[in-house]
1. Could you please state, rounded to a whole Å, how far the C-alpha centre of the range B:31-94 is from the C-alpha centre of the range A:546-596?
2. Averaged across A:399-409, how many Cβ atoms of other chains sit within 10 Å of each residue's Cβ atom?
3. Only sites in a loop by DSSP and with at most 12 other Cβ atoms within 10 Å count here; which GluC sites (Glu not before Pro) in the range A:346-455 make the cut?
4. Quick one: go through the range A:272-298 and flag any residue whose amide nitrogen is under 13 Å from the point 7 Å out along the Cα-to-Cβ line of residue A:593.
5. For residue A:236, what residues show an amide H to amide H distance below 5 Å, using hydrogens built from the backbone and excluding near sequence neighbours?
6. Which whole-Hz ³J(HN,Hα) couplings does the range A:128-143 yield from phi under the Karplus relation 6.51 cos²θ - 1.76 cosθ + 1.60, θ = phi - 60°, glycine and proline marked x?
7. Taking other Cβ within 10 Å of each residue's Cβ, how do A:269, A:462, B:136 sort, fewest first?
8. Taking the Cα-to-Cβ direction at residue B:203 and at residue B:125 and moving 7 Å from each Cα, how far apart do the two end points lie in nm?
Amino acid sequence: MTLLFNQKIRQQIADPQLQAALDANADRRIAARQNAANALPDWAERRQRAHAVRMHVIDHLDEVLSLFIAKVEQNGIQVHRAKDAAEAIRLALEISHQAYPGRSNLLIAKGKSMVSEEIGFNPALQSAGHRVVETDLGEFIIQLRNEKPAHIITPAVHLRRKQVGELFHEKLGIPFTDDIPTLTAAARSTLREVFLNADIGVSGVNFGVAQSGTLCVVTNEGNGRMCTSIPRVHIALMGMERLLPSLDDLALFLSLLPRSATGQNLSVYTQLIHQPENSQEKHLIILDNGRSSVRNSSLQEILYCIRCGSCLNVCPIFREIGGHGYIGANGAVAPYPGPIGSVISPGLLGSNFSQLAQACTLCGACKEACPVDIDLPKLLLRVRAGKIPDPPAEKHQPSKLEYGLKIYSSISSKPRMFKLASRFVGLASNILPGYLHLPTLTGWGLSKDLARPAARSFRVDYREEDSKSKDEDFPQQISRPKKRDAGPVAQNREENAGKNALIERFDLELITLGGSVHRIRSQELQSAILRFLNDREIQHVQSWNDLPLKFGDALRQNDIEVSSVHSASIRAGITGALVGIAETGSLVIPGGEGRPLSASLVPEIHLAIVDSTCLVSSLEEALRLPEIVKAPATVIVTGPSRTADIEMTLTIGVHGPKELHVFLVDG
Amino acid sequence: MPTVQLFVTCLVDTFYPETGHAIVRILRRLGVNVEFPQAQTCCGQPSFNAGLWKETRPVAENTIQVFESAPGPVIVPSGSCAIMIKHGYPELFSDDPEWLDRAQELSARTYEFTEYLVDVLGVTDLGARWPGKITYHASCHPTRHLGLNRQPLALLANVQDAELVTLPEYEECCGFGGVFSIKHPELSAEMLKRKITNIEISQAPTLVVTEAGCRLHIAGGLIRQKKPQRVVHIAEVLDHR
Ligand code: SF4
């Protein structure tokens, strides 16, 4: 049964490019998460809270889901429910057909979505005649290679920059280079056209918030924002379990997800979508595809997963074989690899993927890394025991190993037999060498020898009279057990300190992210920004209609052309912000009438004017502001757009702005 | 004088009896009365981890029965076997309230050896002496599933004349995983290779572990690769003077 799988594993191990790629970033992946987690003093407590929230949601899924759906519909987004992959595809095709009657060659710009992988979205829509373009850099690369993602967060983790260079040379016709910023720029210019001309945008959903009907979509490059906001039709795909009760809960999970996924305090773009913008049509397809059955099975806990990818990053097996090594009995690559995939793939898609759970030492690194504390080893054992929702009707023939284990278990359940067997082994040991060189086909013999059993087992030599032997000179100091270290005590500096502390923290965080902060007095704002634009020879900007301090008028008076819609030729966008978040250096930017969200997305430079009194300490505080749910969509911007999809090397400026300048205005 | 029951585990019983004897001596020196119920066998982990739960039940029932008539804490020189009793048994009997109760009674008084020394007896200095460099591999089960790391390190820190050096990637799995090492020999081999390279980098001639399984695996790999380093169970270091 596992023959193909073993073969595949050998292949992956023997592939030097793959091994180099996996090894090169293994430590980086782990260290990034650890540093981010360590920076949050109450990490352990947050994990437990997150576990409890997810447990509550899954326990009460029907109620939470119907509350969520009602809210989303109230907000003007059309909700569709799909019981399986085929139905989800049919719905997507119907939506496309109704929006563009008579057209079967639509251009579809797609953001990253694991659900779309699960249901085979791309091949299905392509065979209907549409053109689907993956716009996340990693996904774009693997689409060009005609592959599946090798990781749920960093899909091209199995490739080296040289391979990407060759690929782009061949498929995009650019001269060969292995310079990552150049490669990123090439993808950007190819995709820019796709965004601006796409008929439909497709995205995933990281979290749905029941209380407010929020669709939260988290990305770094800006492609996700393009897909959700620029095309006239937006279709969001989401698994039915990806729900949270409230925006407070969302704040908690946003403190865990990006830290676990990429080691960032917050992803660059956190979109909170509530309503369609302008004349846009928005659809949400909520997918079951086996989730209800998993919920009623002993694998229920796997539905707590928030798809952060941490468990893949720490898994020693993933490090050896990468995502493409996880195949089913029929040879198909599992849509979800790694520890999470070894449970959810057989859970959702059946026993074809049960063998994945065998490729695991139960080391527990995954459980330790999981931000929602899912007991993955326990669930992996349940998969091994056949406790999946849809077990195969016929039992498989026991392997030689299983046969041996059955005999051993039978002996172990009878103490007399066990003792006898133990005697026999001891006797046999007398004629054996110190170590046995077992043949390779035993499995064990591939890489190690087997120690000879002891001639006299412990039980044979155990003597009651030993109990009298005492070592007199032994120091009998029995001390109290030391208490575990409590760890560094939480220091929430902002909470007690005043406005200056907030500004300093905001400044520090934003600079770390590669943004810049210009602190100025209100009288100086006009000249500062004009000088900025002048220095870069920018005469045309996209802007909010109601910039703070009536700044738009000042621009016009100085012969700067101001538009409210985006266009490829505008290099700078100027916006305000609802608030800035000190602990993450983020800007909360609401959309709506006269406040085009594209101004903070499409131009390569983003300038934001923020009153210095409008800083809050935490994300949680920001998400409590009533304006958040009133705006059709809000984006939380945390630094300039970035990617690390090629060799985990950070590159600034992908689809969103390369530069982010915040003008912090005093008085 | 507290009385404890030794659950020696099948691997120690069969391959490494010296570990068992060391534990008996250490505990007795501390004034603990050690008993060894002769009817004990294996904890059932091999078949449990292979998914053969039906076959595992009678093994678990035997262990539960054997220790029901043996009072006091049950001491196990292996974190994975302790986990099997503490987490595996309740899982195995989750649909059988009567056995579940009995399993939980046993689970509540089961301790891994270093856990018992440090957390229950409050001992970290056993007056041991071990000349030379040693390095410590944090076996996955005790470390991650039981949260034991501080305990073995505290015990080793008090061994006279021993220089405890850090093993690079000391928390990485060695690739044993019981049936895993047979079902997926290629993966197991890669992980073992990494572990042995790290042992060489540490420059210690002796690797200390708290699991007989990791010992069987790593020592077997060292022999195959003709390396001079040896692997010992922590009890043997703590018993040495
Ligand atoms: S199981 Fe946990 S660690 Fe793995 S992807 Fe899901 S949330 Fe992340």
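1. Taking the Cα centre of each part, the range B:31-94 and the range A:546-596 sit 67 Å apart.
2. Mean partner shielding for this stretch: 6.
3. In loop regions of the range A:346-455 (DSSP not H, G, I, E or B), the sparsely surrounded GluC sites (Glu not before Pro) are A:394.
4. A:278
5. A:203, A:283, A:284, A:285
6. 7, x, 7, 10, 9, 10, 6, 10, 6, 3, x, 5, 4, 4, 6, 5
7. Placing the least packed residue first, the sequence is A:462, B:136, A:269.
8. With each label placed 7 Å out from Cα toward Cβ, I get 2.9 nm.
None of the figures in this text is laboratory data; all of them are computed from the coordinates on show. In this text, all values refer to a predicted model and were calculated from it rather than measured experimentally. All Cβ positions, even for glycine, are placed from backbone atoms using ideal geometry, and neighbour counts span all protein chains on display.
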